[in-house]
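Before any comments, here is the structure.
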There are 2 protein chains.
Amino acid sequence: MQIIITGGGGFLGQKLAHALLHSSLSFSELLLVDIQEPQALADPRVRCLQADLTAPGVAESLISKHTAIVYHLAAIVSSHAEQDFDLGWRVNLDTTRSLLEACRQARPGIRFVFTSSLAVYGGPLPEVVDDGTALTPTSSYGAQKAMGELLVNDYSRKGYVDGLALRLPTICVRPGKPNRAASSFVSSIIREPLQGEQTTCPVSPALRLWLSSPATVVNNFLLAATLPRGDGRSINLPGISVTVGEMLDALTKAGGQAARDKVSFAHDPAIERIVASWPGQIDNSRALASGFMADWTFAGIIDSFMTHDLQEAS
Amino acid sequence: MQIIITGGGGFLGQKLAHALLHSSLSFSELLLVDIQEPQALADPRVRCLQADLTAPGVAESLISKHTAIVYHLAAIVSSHAEQDFDLGWRVNLDTTRSLLEACRQARPGIRFVFTSSLAVYGGPLPEVVDDGTALTPTSSYGAQKAMGELLVNDYSRKGYVDGLALRLPTICVRPGKPNRAASSFVSSIIREPLQGEQTTCPVSPALRLWLSSPATVVNNFLLAATLPRGDGRSINLPGISVTVGEMLDALTKAGGQAARDKVSFAHDPAIERIVASWPGQIDNSRALASGFMADWTFAGIIDSFMTHDLQEAS
């Protein structure tokens, strides 16, 4: 029995791989696929593969009747997909479709966990978004993720896969370097100061965000491996609702005024436009009832980062 | 200046072509494209082309910098797309994308009128659907139309086309023969009795439908040619809300008990499941404010059919 993680070389793919290897799930192979060779993990079950999933035939070559679960994490992130329209569609839509089609051809019923995003929402939103809120993306990335969800739902309805589309909260604190996600600053304004580095915040302190720690998202991914098939296949993962100002207050408490002073404001209307179009609060009652989890406090998220990831980074 | 109608050989494409030729719109060519050679119309501006839009290069060959408006009506209908999964995706999604991409390459800002459908809705719905209701299709056709809307919205947001996605009510009364739309019976239960033929109704009399006459839809298509660019590019076209029982009462009034006796009930759960998943009532205030129209009464719809289309058919 095989588990596949696309984007298996990324920070979330690597954390998920670690968690799967230490979980009670039984499997014979964990295949990590990425556009660059993923970092090897010290476990005989792990196989790493450098592959371009947009190339013809690649998706089909990975998935077989032995595949039990596909975690599809590979994506072109939001600002990047906005800059490179064609690449965004090719990776975020066409690859999702190729993988679903390869699952259908290999064996009906493979658990297909698709990572969707808050970016499926946009424009005027109710104060609290729920499962009945229309998807009105205002970025190509969001449109591509919304279309991926529709594909996952239709392939599941037909019985070709057993799919779940998990809409991830903005993940904070990501270790490592800034990336080309519009939300990259959300981690930078905590991570860089705690590593003694300057950073700029491109949005106003009043902006409200919907956040999850990496560890909580990974726990939710594990639950998605075994969640019984239900009615709703698109799930808003639980998160916590905090403003940028509240995040910086928590930073001051955790890292002192010296850390807080590393953050200056430099307004970027393009970033604010994208991030402000995402919901800042979501009614997660259905997801919580299914066993998905949220962090308790933003202070706890910072604490977890300082304990686990800051050590790795230094 | 050129106008293109894909599906230009279909009954709606032909009606739209007639209406455009008699409208005040100024254009030098009206290109009717269909998988079978469209019926010629007696006007020097009309050109008919047999073409398979799913073939590589065909979309690009049609659209040029002289193209002002594309009406994209070509589609695989609902029950057909449910039976032939691959064909449905190829025609309903890939062709829409090829046409949008061809517009982008030819000249930014072509008015692209995409015909969407009530089938983008499904599952538990509020009693009255409005523009904020989530799209939750329960058929491949609905998923493909919802994805087409997302494409039209994103290509428009980027300025590559000036798009509108019109969600058509169920059209009644269609002249001609039954087709493979799940909603085909909606016309058959009126059309066949008025032509002296037997027909069966696969759903219960209580089922509520959202209807428009062909003439009203065509008038709304004409408006879509010149509608100023607005915020919402996905528009629920106005309709009237009637039950199957009310339709049959109107049939009795129009055609007498003899006509009504031609309709027998033979329940088809597959058809009822699909059609009952569509909204029976929609809040159209935004569309009405933009100038889109609805029929007044179902009796008026029957009257219009008997005056115009029944003559043609006999």
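Please treat every number below as a calculation from the coordinates, not as lab data. Worth saying up front: this structure is predicted, and the values here are computed from it rather than measured. In this analysis, Cβ positions are derived from the backbone assuming ideal geometry, glycine residues included, and neighbour counts consider all displayed protein chains.
From other protein chains only, count the Cβ atoms within 10 Å of every residue's Cβ in B:131-138, then give the mean.
Details: counts 2, 8, 3, 8, 5, 8, 4, 3.
Shielding by partners across B:131-138 averages 5.
Over the whole of B:149-159, what's the average partner chain Cβ count within 10 Å per residue? Rounded to a whole number, please.
5
So if each residue of separation counts as 0.36 nm, and I subtract the Cα-Cα distance between residue B:27 and residue B:43, what length gain in nm does that give?
4.5 nm
How much of the pair distance distribution for the stretch A:142-234 lies past 20 Å, counting alpha-carbon pairs only, in percent?
Details: 2190 of 4278 pairs.
Here the long-distance tail beyond 20 Å is 51 percent of all Cα pairs in the stretch A:142-234.
Can you sort B:48, B:201 so the residue with the fewest Cβ neighbours within 10 Å comes first?
Ranked by crowding around the Cβ, least crowded first: B:48, B:201.
Under the classification rounded if a/c is under 1.5, otherwise prolate if a/b is larger than b/c and oblate if not, where does the stretch A:77-116 fall, given a ≥ b ≥ c as square roots of the Cα gyration tensor eigenvalues?
oblate
How many nm separate the modelled label positions at residue B:226 and residue B:264, each set 7 Å beyond the Cα in the direction of the Cβ?
Going from the residue B:226 label point to the residue B:264 one covers 5.1 nm.
In debye, nearest 20: dipole of chain B around its Cα centre with unit charges on the Cβ of K, R (+) and D, E (-)?
The dipole magnitude comes to about 620 debye.
So if a site counts as exposed when it's one of the GluC sites (Glu not before Pro), its DSSP state isn't H, G, I, E or B, and it has at most 11 other Cβ atoms within 10 Å, what's the longest stretch of chain A without one? Write down the numbers at each step before the final one.
Details: sites that count: A:127, A:197.
It works out to A:1-126.
I need the inter-copy label distances for residue A:229: point set 7 Å along Cα to C-beta, values in nm with one decimal, smallest first.
Residue A:229 label point versus its equivalents elsewhere: 4.5 nm.
As a test of the formula, what do you get for chain B when each DSSP H run with n ≥ 4 contributes -39,500 (n - 2.57) and the sum is divided by the residue count, at 222 nm and rounded to the nearest 500 deg cm²/dmol?
Per the formula, -11000 deg cm²/dmol.
Note down the nm distance, to one decimal, between modelled labels 7 Å out along Cα→Cβ at residue B:50 and at residue A:208.
6.1
With a cut-off of at most 14 other beta carbons within 10 Å, and DSSP calling the residue loop, which trypsin sites (Lys or Arg not before Pro) in the stretch A:62-117 qualify? Please list them.
A:65
If you bin every alpha carbon distance in the protein assembly as shown into 10 Å steps from zero, what whole percent lands in each bin?
Distribution as computed: 3, 16, 24, 24, 17, 10, 5, 1, 0 percent.
First select every other residue whose beta carbon is under 11 angstrom from the beta carbon of residue A:117; then total the charges, Lys and Arg +1, Asp and Glu -1. Present the calculation step by step, with values, prior to reporting the outcome.
Values: positive: A:145, A:167; negative: A:149.
Value of the local net charge: +1.
Once a ≥ b ≥ c are taken as the square roots of the eigenvalues of the Cα gyration tensor of the stretch B:207-314, is the result rounded (a/c under 1.5), prolate (a/b larger than b/c) or oblate (a/b not larger than b/c)? Could the numbers behind the result be given before it?
Details: a/c = 2.51, a/b = 1.51, b/c = 1.66.
Taking the square roots of the gyration eigenvalues as a ≥ b ≥ c, the stretch B:207-314 is oblate.
Among B:170, A:54, B:199, B:216, what is the fewest-to-most ranking by other Cβ atoms within 10 Å? Mind showing how you got there, number by number?
Working: B:170 21, A:54 15, B:199 18, B:216 24.
Going from least to most buried by this count: A:54, B:199, B:170, B:216.
Exposure proxy check: A:141, B:121 ranked by fewest other beta carbons within 10 Å? List each step's numbers first, then the result.
Numbers: A:141 26, B:121 23.
Exposure proxy ranking, most exposed first: B:121, A:141.
Taking a label point 7 Å out from Cα toward Cβ, give me the nm distances from residue A:310 to the same spot in the other copies, shortest first, one decimal.
Nearest to farthest, the other copies are at 8.2 nm.
Just want the answer: with Cβ charges of +1 for Lys and Arg and -1 for Asp and Glu, which residue in A:175, A:13, A:81 is farthest toward the dipole's positive end in chain A?
Looking along the dipole axis, the top candidate is A:13.
List the distances, in nm to one decimal, from the label point of residue A:266 to the label points of the same position in every other copy, shortest first, placing each label point 7 Å from Cα along the Cα-to-Cβ direction.
Reported distances to equivalent positions: 7.3 nm.
Hey, got the dipole for the protein assembly as shown? About the Cα centre, +1 on K and R Cβ, -1 on D and E Cβ, debye to the nearest 20?
The calculation lands at about 300 debye.
Under a point-charge model restricted to the Cβ atoms of Lys and Arg (+1) and Asp and Glu (-1), what is the dipole moment magnitude of the stretch A:249-314 relative to its Cα centre, in debye to the nearest 20?
The dipole of the stretch A:249-314 has a size of about 100 debye.
Among A:240, A:277, A:292, whose Cα projects farthest towards the positive end of the dipole of the stretch A:240-312, with charges put on the beta-carbon of Lys, Arg (+1) and Asp, Glu (-1)?
Final value for the positive-end residue is A:277.
For chain B, what does the relative contact order come out to in percent, with C-alpha contacts under 8 Å and a separation of six or more? Spell out each step's value before the answer.
Values: 631 pairs, mean separation 53.5, N = 314.
After rounding, I find 17 percent.
Name the residue from A:128, A:72, A:206 whose Cα lies farthest towards the positive end of the charge dipole of chain A, charges +1 on Cβ of Lys and Arg and -1 on Cβ of Asp and Glu.
The one lying farthest along the dipole's positive direction is A:72.
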